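See structure below.
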Amino acid sequence: AKAFDALLARGKVRLEASARDVVAVYGAAAKELEKTSLAMRSAEKHPSATLCLRDLRVQVARLASLELVSRTTLVDLGHYPRYLRAAQARLGRAIADPRKDLAKGEPLVAVERALSDPRALARRPAEYAAVALDAEELRVALFAPELRPSRVVSPGELTRRAAALLA
């Protein structure tokens with residue numbers, strides 16, 4: 001009983017700190033999600049943003065999905081605000097030059113097709129989450145490189161991994 005009480009006391013301190021970390025990460029993501037939602041609503045009046053908005057709605061829905069969030073580490077969830085800032089930057093640039101936005105997004109077309117297929121998540125949930133997060137890093141690199149991706153993601157390798165989700 002004494003050993004258990006000591007273990008419980010040590011764990012309680014760590015639990016409180018972990019809970020604060022979780023609240024901070026989710027709070028930062030929620031704040032940036034609100035900014036992204038406002039930017040998307042504002043962009044709806046610009047016909048040049050139509051294609052970008054369609055893609056961003058899918059992206060934001062995936063990022064906020066329980067299926068992805070539940071398979072994402074707290075460290076990776078900490079990158080969500082950057083992903084959302086990149087989406088905001090992309091949206092502003094897409095309004096100014098929709099053709100350039102479309103061309104920049106070309107490497108993600110096959111990846112998005114695979115991630116949008118419900119079989120991909122059902123068959124390989126862990127790989128699905130890894131591909132989805134790498135797709136976010138590639139989005140940062142393509143659409144908002146000033147926000148610096150946390151890792152280099154090869155478009156060809158990501159496309160191959162996305163296709164393997166459905167194999």
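In this structure, Glu137 does not qualify as open to solvent by 60 Å² or more (accessible area, probe 1.4 Å) and part of a helix (DSSP H, G or I). When residues in segment 62-96 are screened for being open to solvent by 40 Å² or more (accessible area, probe 1.4 Å), part of a loop (DSSP other than H, G, I, E, B) and without any contact (Cβ under 8 Å) to a residue 12 or more places away in the chain, 2 of them pass. One residue stands out in segment 1-57 among those that are more than 22 Å from the chain's Cα centre (by Cα) and closer than 30 Å to Arg99 by Cα: the one that is most open to solvent (accessible area, probe 1.4 Å), namely Lys45. Restricting segment 97-134 to residues that are over 26 Å from Leu38 (Cα atoms) and among the basic types (Lys, Arg), the residue that is least open to solvent (accessible area, probe 1.4 Å) is Arg124. Within segment 143-156, being open to solvent by less than 40 Å² (accessible area, probe 1.4 Å) and aliphatic (A, V, I, L, M) holds for Ala144, Val153. Residue count for segment 93-134 satisfying the condition of being under 15 Å from the mean Cα position of the chain (by Cα) and of a type in the set (Lys, Arg): 0.
The values are calculated or read from the model by the stated rules, or taken from the named source; none is laboratory data. Please read these numbers as outputs of a predicted model, since none were measured by experiment. No Cβ is skipped: glycine too gets one built from the backbone with ideal geometry, and neighbour counts run over all protein chains shown. With ligands, DNA and RNA removed, areas are computed over all heavy atoms of the protein, side chains included. Shrake-Rupley method; radii C 1.70, N 1.55, O 1.52, S 1.80 Å.
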